1. What is the diffusion coefficient of the stretch 76-125 in µm²/s, taking the Kirkwood radius over Cα pairs and the Stokes-Einstein relation at 4 °C with a viscosity of 1.567 mPa s?
2. Where in the stretch 255-285 is the amide nitrogen less than 17 Å from a point lying 7 Å along the Cα-to-Cβ axis of Leu202?
3. Run the reach check for Lys232 against lysines, Cα to Cα strictly under 17 Å, same-chain hits fewer than 8 apart removed. What comes back?
4. Using alpha-carbon positions, what is the distance between the centroids of the stretch 107-135 and the stretch 10-67, in Å?
5. Residue farthest toward the positive end of the dipole of the stretch 181-332, with Cβ of Lys/Arg at +1 and Asp/Glu at -1: which of Gly270, Val226, Leu303?
6. Just one of (1) 137; (2) 127; (3) 348 is volume of the Cα convex hull per residue in Å³ calculated from these coordinates, so which is it?
7. Could you give the size of the charge dipole of the stretch 160-277 about its Cα centre, using +1 on the Cβ of each K and R and -1 on the Cβ of each D and E, expressed in debye and rounded to the nearest 20?
8. With springs connecting C-alpha atoms under 10 Å apart, model the chain as a Gaussian network and identify which of Gly270, Gly178, Gly26 has the largest mean-square fluctuation.
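Read the figures in this text as sums done on the coordinates, not as results from a lab. Computed from a predicted structure; not experimentally measured. Note: ideal-geometry Cβ built from the backbone for every residue, glycine included; neighbour counts use all protein chains shown.
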Amino acid sequence: MPYSGALRIALVAPPLERVPPRAYGGTERIVHELVLELDRRGHNVTLFASGDSEPPANGQLIATVGEALRPTGFGGDASPYFYSTILDVLHRADEFDLIHAHLDWPGILLAHVSPTPVINTFHGRIDFPFAGRLFEDAPRGLVAISRAQAHLCPEVPWEAVVHNGLNLADAPFERRAGEELCFVGRIAPEKGVVDAIEVARLAGRKLRIAAKIGPRPDERAYYENVFMPALKAAGSNVEFLGEVGPHDRDRLFAESAASLMPGSWPEPFGLVAIESLACGTPVIARRAGGLPEILRDGVDGFLADDSQAMAFSVGRLDRLDRQAIRASVLERFSAERMTNDYLAVYRAMLDHMGRGVEPRLAASAARDRWAAASATDGPESEARQPALRTINAPIEAAASRRPD
């Protein structure tokens with residue numbers, strides 16, 4: 001019979017940003033929402049994250065680094081810090097019924113060696129050359145955040161697709177917004193920030209940009225050699241605000257006629273979209289990645305295929321109902337709904353591992369199976385080797401390609 005009681009859950013965040021982030025950090029915001037909701041529902045939550053993160057109200061924080069790496073200006077190889085995070089979790093694995101990792105590729109390694117069942121949510125892109133190798137003989141518990149992301153690797157036995165959710169009820173709302181457009185995100189080629197400047201020019205609208213500048217050499221080079229010349233060429237029609245905090249970000253959304261998301265990369269989800277919609281602000285986005293699963297074309301905004309089409313859509317914004325946009329996203333992409341979905345995944349995983357017994361017994365059974373595999377040269381033991389041999393490149397990818 002399926003177990004429905006309180007669970008001992010480890011939530012594992014990357015060491016790059018604090019939980020919650022003070023400004024930019026999509027993965028860490030999702031982890032924070034899960035911490036709050038699971039703790040509120042009486043589950044015993046342990047958060048593995050940077051030491052400057054907020055601990056669960058009734059659980060504990062295990063510091064994987066003293067403070068989050070990115071805000072300190074760190075732009076080097078994060079691989080050792082991901083290794084260290086995995087070791088921190090493994091040292092305490094038998095304290096949990098289930099581990100929920102948000103590390104992307106390094107989470108596969110954790111799942112292959114952990115004695116406790118692991119759920120792995122992929123927040124970043126997965127269309128890398130090494131994907132087939134790491135997904136070969138994939139462990140159970142892999143979760144995608146959109147159908148589009150999952151379809152990139154259809155051979156993977158995905159446990160579920162769980163759309164992200166946030167606590168959006170307090171987002172500011174303006175029934176009548178201004179005429180300016182906005183762009184929120186990162187200064188990176190895949191985000192399309194220079195395309196946003198072009199869309200605003202073609203539409204004859206001013207644009208405000210609130211975006212993070214990454215510390216890596218390639219990110220700095222793009223900022224200095226591509227973005228800054230485009231910004232200067234646009235003159236007074238474009239205002240660059242830099243990286244802003246949550247309050248200023250939400251106020252920017254609420255005051256804008258629309259948010260622009262012109263990136264052509266396969267955006268796995270797009271937190272910026274639901275944040276904007278929660279303020280009643282429509283989104284004009286390129287038809288890519290998971291965005292068509294969020295945006296109802298002609299209702300929540302418009303999907304387009306190039307800058308010209310996006311600029312044309314600006315002239316159709318007065319047809320949209322900002323209040324209806326807000327009401328819909330609060331229902332479809334709430335933290336409560338996301339947590340319900342993950343709890344269903346947790347219990348399905350535990351029921352499978354323990355055939356319906358109490359999760360502590362399920363975890364014990366899993367540990368016994370892994371111990372037996374480790375003592376032999378059998379298939380389960382061999383299956384762990386691909387992850388061990390190829391983990392460096394995925395860790396670098398996880399650190400460099402961050403979702404909104």
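1. 117 µm²/s
2. 258-265, 283-285
3. Candidates past the 8-residue exclusion: Lys206.
4. Cα centres, the stretch 107-135 to the stretch 10-67: 20 Å.
5. Val226
6. Among (1) 137; (2) 127; (3) 348, the one derived from this structure is (2).
7. Rounded to the nearest 20 debye, it is 180 debye.
8. Most flexible of the set in this elastic network: Gly178.
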